[in-house]
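For reference, the structure discussed in these notes is given below.
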Amino acid sequence: MLLLFTGSLDGTSDRLIQELGHRAFRFNYNLCKEYHLEFTPDYWEITNPAGHSINSNTVTRAFWWKAFNFYLVDEEPFIVEEAKYIFRELYHWCRIRGLVKGNPPDFHNHMGKMNILNLAANYFQIPQTLISFQLAGVDKLAGKEVVAKSLTSGLTTTNKALFTTEVKIETLHPNYPWFLQEKINSDADITVFLCGDKQFAFSRSRANLKGLDWRKEQDFEMTSQEWFTFDLTLEQTLSIANFAKNLNVDWGRLDFMIHQDNFVFLEFNANGQWVFLDYTNEIGLVKTVADYLLPKP
Amino acid sequence: MITLAALITPMLIASEPMAITIDEIQTKYSHDQQTVVSLNDNTISYGTVNGTQTYGSNGRPADSDSD
């Protein structure tokens, strides 16, 4: 049985549960107080209010999907930390026993963007990239078009996000950390979803984008298809496979742009969203992921 | 000469992410089905219930988890 660490409002988890049925047990962080949990050094068992349960003998796989992106509402901070501790400990109980699929939620705390770019340069072109305090090193970007990006995708106190934005380096305030990258002029955004030994490549035209960042201009009403699947070349497939092997992952999303017919690697998202790439389920991504997470006996 | 006050900061160029807000009354989590269900017909619903937008039916990246 798959133990799915997530939140009750997560649509991706809804779709996975629809595919997996009661071969999966959904443990929602934001509803954690509704579950019965028994956890000892040599045994654990979780039962939900409907009577579905999982224990340390029946779990065969575990997957963490955005659990802490949801919140315990009106809860004492101390209780929040205690609950998070329990979730982490259960997840790592599974990890220690080799049951975990996908990537841990704190993957990028250990393998940040620069380390990954350094590794990716062995397989792809990469853009000139700089993290800087006090604007140290910005002279290396002189004469180039430059974009500012976010390392963390964190929100400001006014709940705003730093999307990819073109900047002029001479206008940057020195008293802030900056994540700067050479702007790549490309006709399309490319993303490759890695799921086990399978690679799914998608392209999104940049022709009608008003800005630089496609995430700002999505069609949430799904009135038109934005991402289109395409076949990778053998060389691209091998480069991605070797990159993933070197990074020791078999799950995640690689983002690229195309420059003069070459893939330019932008970043690897260890736990990037993927359902939006196939929201009509024509390709069968949900089933592919379900089979990856918990192969049918 | 540009003064410090005229320079841009990360907060100055940040912008509001796209958001979906779905009426909380429309959906409820079912522990039996282990999914969100519609209160009207007990079928699967993909509301995010005032959630933080990323995790709707399409897993679209647009908020603090914009990956």
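If you check A:Gln273 against the conditions, is it outside any strand (DSSP E or B), surrounded by 14 or more Cβ atoms within 10 Å (Cβ to Cβ) and of a type in the set (S, T, N, Q)? Give the steps one after another, and end with the answer.
On the way: outside any strand (DSSP E or B): yes; surrounded by 14 or more Cβ atoms within 10 Å (Cβ to Cβ): yes; of a type in the set (S, T, N, Q): yes.
Yes.
Touching a residue at least 60 places away in the same chain (Cβ under 8 Å), under 28 Å from A:Val286 (Cβ atoms) and surrounded by 22 or more Cβ atoms within 10 Å (Cβ to Cβ) - does that describe any residue in region A:49-56?
No, because not a single residue in region A:49-56 is touching a residue at least 60 places away in the same chain (Cβ under 8 Å), under 28 Å from A:Val286 (Cβ atoms) and surrounded by 22 or more Cβ atoms within 10 Å (Cβ to Cβ).
Could you say which residue among A:Leu31, A:Leu3, A:Leu20 is crowded, with 23+ Cβ neighbours inside 10 Å, within 11 Å of chain B (Cβ to nearest Cβ) and among the aliphatic types (A, V, I, L, M)?
The match here is A:Leu20.
Would region A:112-132 turn up any residue that is of a type in the set (Gly, Ala, Ser), surrounded by fewer than 16 Cβ atoms within 10 Å (Cβ to Cβ), away from chain B (no Cβ under 14 Å) and over 24 Å from the mean Cα position of the chain (by Cα)? Lay out the reasoning, then the answer.
If we filter region A:112-132 for residues that are of a type in the set (Gly, Ala, Ser), which is where we start, we get A:112, A:120-121, A:132.
Applying the additional criterion that residues be surrounded by fewer than 16 Cβ atoms within 10 Å (Cβ to Cβ) yields A:112, A:121.
Remaining after also requiring away from chain B (no Cβ under 14 Å): A:121.
Then drop every residue that is not over 24 Å from the mean Cα position of the chain (by Cα), which leaves none.
Checked against the condition, which is being of a type in the set (Gly, Ala, Ser), surrounded by fewer than 16 Cβ atoms within 10 Å (Cβ to Cβ), away from chain B (no Cβ under 14 Å) and over 24 Å from the mean Cα position of the chain (by Cα), region A:112-132 yields no hits at all.
What tally of residues in region A:251-294 results from selecting those that are hydrophobic (A, V, I, L, M, F, W, C), under 23 Å from A:Ala24 (Cα atoms) and over 16 Å from the mean Cα position of the chain (by Cα)? Break it down stepwise before answering.
So in region A:251-294, the residues hydrophobic (A, V, I, L, M, F, W, C) come out as A:251, A:254, A:256-258, A:263-266, A:268, A:270, A:274-277, A:283, A:285-286, A:289-290, A:293-294.
Filter once more, so that each one left must be under 23 Å from A:Ala24 (Cα atoms): A:251, A:270, A:274-276, A:283, A:285-286, A:289-290, A:293-294.
Imposing the further condition that a residue be over 16 Å from the mean Cα position of the chain (by Cα) reduces the set to A:283, A:290, A:294.
Counting residues in region A:251-294 that are hydrophobic (A, V, I, L, M, F, W, C), under 23 Å from A:Ala24 (Cα atoms) and over 16 Å from the mean Cα position of the chain (by Cα) gives 3.
Please state which one of A:Phe268, A:Phe276, A:Phe263 is assigned by TED's automatic domain parsing to the domain that holds A:Thr233 and more than 20 Å from A:Glu226 (Cα to Cα).
One residue alone meets the criteria, A:Phe268.
Could you look through region A:58-83, keep only residues that are acidic (Asp, Glu) and assigned to a loop (DSSP other than H, G, I, E, B), and pick out the one that is surrounded by the most Cβ atoms within 10 Å (Cβ to Cβ)? Outline the logic, then answer.
The first filter runs over region A:58-83 and keeps only residues acidic (Asp, Glu), leaving A:74-76, A:81-82.
Of the ones still in play, those that are also assigned to a loop (DSSP other than H, G, I, E, B) are A:74-76.
Numbers: A:Asp74: 5, A:Glu75: 14, A:Glu76: 9.
Restricting to residues being acidic (Asp, Glu) and assigned to a loop (DSSP other than H, G, I, E, B), the top hit is A:Glu75.
Is there a residue in region A:181-192 that is in a loop (DSSP other than H, G, I, E, B) and within 12 Å of chain B (Cβ to nearest Cβ)? Give the steps one after another, and end with the answer.
Taking region A:181-192 as the starting set, the residues that turn out to be in a loop (DSSP other than H, G, I, E, B) are A:183-187.
This time we only want the ones that are within 12 Å of chain B (Cβ to nearest Cβ), so: none.
No: region A:181-192 contains no residue that is in a loop (DSSP other than H, G, I, E, B) and within 12 Å of chain B (Cβ to nearest Cβ).
Determine which single condition A:Gly252 fails, assuming it passes every other condition in (1) within 25 Å of A:His108 (Cα to Cα); (2) in a helix (DSSP H, G or I); (3) at pLDDT 95 or above.
(2)
Restricting to region A:168-178, give me the number of residues that are over 13 Å from B:Met11 (Cα atoms) and either of a type in the set (D, E, K, R) or at the interface with chain B (Cβ under 9 Å from one of its Cβ atoms) (or both).
Qualifying residue count for the region: 4.
Go through A:Phe78, A:Phe124, A:Phe70 for me and flag whichever is modelled with pLDDT of 95 or more and either in contact with a helix residue (DSSP H, G or I) (Cβ under 8 Å, 6 or more places away or on another chain) or β-branched (Val, Ile, Thr) (or both).
Matching residue, one of A:Phe78, A:Phe124, A:Phe70: A:Phe124.
Please give the number of the condition A:Arg15 fails out of (1) facing chain B (nearest Cβ under 9 Å); (2) of a type in the set (Lys, Arg); (3) surrounded by fewer than 24 Cβ atoms within 10 Å (Cβ to Cβ).
(3)
From the list A:Asp231, A:Asp187, pick out the single residue that is surrounded by fewer than 19 Cβ atoms within 10 Å (Cβ to Cβ), farther than 17 Å from A:Lys113 by Cβ, at pLDDT below 95 and of a type in the set (Asp, Glu).
Being surrounded by fewer than 19 Cβ atoms within 10 Å (Cβ to Cβ), farther than 17 Å from A:Lys113 by Cβ, at pLDDT below 95 and of a type in the set (Asp, Glu) holds for just one of A:Asp231, A:Asp187, which is A:Asp187.
Within the group A:Tyr85, A:Tyr43, A:Tyr71, which residue is more than 18 Å from B:Gln34 (Cβ to Cβ) and within 14 Å of chain B (Cβ to nearest Cβ)? Write out each step before concluding.
On the way: A:Tyr85 fails: within 14 Å of chain B (Cβ to nearest Cβ); A:Tyr43 fails: within 14 Å of chain B (Cβ to nearest Cβ).
Unique residue meeting the criteria: A:Tyr71.
The values are calculated or read from the model by the stated rules, or taken from the named source; none is laboratory data. The structure presented is a predicted model; accordingly, all values stated were derived computationally and were not measured. Cβ sites come from the backbone with ideal geometry, for glycine too, and all protein chains shown count toward neighbours.
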